[in-house]
Amino acid sequence: MKEFGDHVTEGQTDPQYMFLAQRLSALDDGWKELLQMWDSRQQGLSQDLNLQVSPSPNLKKYIWIFYLLTSKFSSFPYPSL
């Protein structure tokens, strides 16, 4: 449909056709922005998944420390942060 609209408005000088050509151009821009947002979101989710599946050694260390502080030693008096 977009290609047909481009073909119909090509070389037209009538204001209605020019307006249609502008709207079709804006439609293209909107789809490009949507694709960029989609790609950005997909990359972010992929990175988050990678962190969950294979956390870095430092993250594993911090998770272990957090576990120790919140489970075994929960009754142990330690200074508040």
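Rule-based calculations on the coordinates, nothing more; no lab input. None of the values given here were measured: they were computed from a predicted structure.
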### Query
Counting each DSSP H run of 4 or more residues in the chain as -39500 (n - 2.57), what helix-only mean residue ellipticity at 222 nm follows after dividing by all residues, to the nearest 500 deg cm²/dmol?
-26000 deg cm²/dmol
### When the convex hull of its Cα atoms is projected in every direction, mean area for the chain (nm²)
10.8
### Task
Measure nothing fancy, just the Cα-based angle from helix 15-53's long axis to the longest principal axis of the chain, in degrees from 0 to 90, nearest 10.
20
